[in-house]
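As structure tokens, the structure follows; a few thoughts come after it.
The values are calculated or read from the model by the stated rules, or taken from the named source; none is laboratory data. As the structure is a computational prediction, the values presented were derived from the model and not from experiment. Please note: Cβ atoms are built from the backbone with ideal geometry, for glycine as well, and neighbour counts cover all protein chains shown.
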Amino acid sequence: MMIECARCKAQNADGQKFCGDCGGPLDPAIGAIKELMNSTLRDQVHEIIEQHYKDQKVVEIETTQAIVSRLSDWAKLFAFFVGIPIGLLLLILGVLGIKTYTDFSKQVDKAKTDATAQLAKAQEGAAKLKSEGDSLAGEYQKLRDQFADTAALGEQVKTLSKKVDVIGEKLGFTPTSKISAEARGRLEASFAKFQDYVKGLGYRGTTGSLSFDIRDQIEVGAIAYYDPEKRMMVIDAKYVGDSAVVNREYMHHVLYSSGMPNDPNSVLATYYAIESGLAWYFPCSYLGNPNPSPTSSSWDLVKKRQFSELRPTVSSAMNDGTQVWGGAFWELRMILGQSAADKLLFDAWFKLKPDEVKADNGASFVRKLFDLDPTHKSQIRAVFVQRGLPL
């Protein structure tokens, strides 16, 4: 009797325990058990697969539902934030009369036309402003040129003013003056140089004219004098060639440029003495000679005369005062040098008032020298103290 193999279905002789083809067991009980197991196992596997597939489907569906729900929520949120501005935009467009794309297109075209017109108008305005700016620039340049001309004119006026001062004091000659053309030329040239020297001291001239009156003979005892009322220097013809004498009379005009003080009680003798000393000192300093005039040898500034020799009279002031004060000034010149001494004495005189020296014999004038040159105070003091002036 033949036994069929449960695995490969091959026929095997009875009594064999294993299949000759596949080597599987030929015991019928084992086949039944195997069949049972296969059937049961197949059902269980099938059930497991169905359950697993079902669970997978559920997860997929739930996942899909969750994604759809999340997307829906996002869409609603987006619609909330985006929809409001869009809604407002649509509302605004509706108010402006824009309801369709055609309306919107018309509005865009209109805005473009308006913008083009405004741009053209702005360009026209800019061109006009540029033109006006160019015009203003031209006018500004003209003003600058005019200002430069005005500044130059101002300098010319200053120069002219200075020249007018000099011209105003350029001496003429009276019709009665007895002088040759040659002598007149020499006198004018010499006098012009002395004017420049006085100008260097700080003198700027006065208005009005000055004149020489050259006479064949003048008052007895005089060789020249200055008449302040007529602004005229009267000179004896014999002394026209003596430049120191001529310049002394001009210095009277300079030193009394503010006017000769009125002295009805004859109390200003000291003031006159200081002025007379300066009027002679400056021509001597200019010439560098303490006794430059052969006609006025009595006014030798090297002599050290004492202040006690002065008398309270105009005559003593004009004669003694010239040499007493002038000699002290010349000694200062030797100590300080010409330029320093000349400038110091010139400035001090114009700071002095006539009444200041009435009661102190001229000490007030010397103190002004101290104030103007404190560095040489002791040296200045010594010059006057040695000549007997109380300080």
*How many residues does the stretch 225-255 contain that are among the charged types (D, E, K, R) and within 51 Å of the chain's Cα centre (by Cα)?*
5
*Taking the stretch 289-307 as the search range and keeping residues that are at pLDDT below 95 and outside any loop (DSSP other than H, G, I, E, B), which one is farthest from residue 243 (Cα to Cα)?*
298
*Out of the stretch 18-35, which residues are assigned to a loop (DSSP other than H, G, I, E, B) and at pLDDT 75 or above?*
19, 20, 21, 22, 23
*Could you check, for the stretch 248-260, whether at least one of its residues is at pLDDT 90 or above, aromatic (Phe, Trp, Tyr) and either within 16 Å of residue 359 (Cα to Cα) or not assigned by TED's automatic domain parsing to the domain that holds residue 195 (or both)?*
no
_Going through 351, 358, 303 one at a time, which residue ends up being touching a Gly at 6+ places or on another chain (Cβ under 9 Å), surrounded by fewer than 22 Cβ atoms within 10 Å (Cβ to Cβ), at negative phi and basic (Lys, Arg)?_
303
_Residue satisfying condition, being without any contact (Cβ under 8 Å) to a residue 12 or more places away in the chain and either under 49 Å from the mean Cα position of the chain (by Cα) or within 25 Å of residue 367 (Cα to Cα) (or both), within set 266, 276, 258_ = 258
*With 317, 328, 341 as the choices, which residue is assigned to a helix (DSSP H, G or I), modelled with pLDDT under 95 and crowded, with 20+ Cβ neighbours inside 10 Å?*
317
*Name the residue, out of 283, 261, that is within 22 Å of residue 325 (Cα to Cα) and not in a loop (DSSP other than H, G, I, E, B).*
283
*Give the residues of the stretch 224-248 that are in a loop (DSSP other than H, G, I, E, B) and surrounded by fewer than 17 Cβ atoms within 10 Å (Cβ to Cβ), sorted by residue number.*
228, 229, 230, 231, 241
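Pick out the one residue from 174, 207 that is over 20 Å from residue 345 (Cβ atoms) and under 50 Å from the mean Cα position of the chain (by Cα). Don't jump to the end; show me each part of the working.
Values: 174 fails: under 50 Å from the mean Cα position of the chain (by Cα).
Matching residue, one of 174, 207: 207.
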*Could you check, for the stretch 376-384, whether at least one of its residues is modelled with pLDDT of 95 or more and among the charged types (D, E, K, R)?*
yes
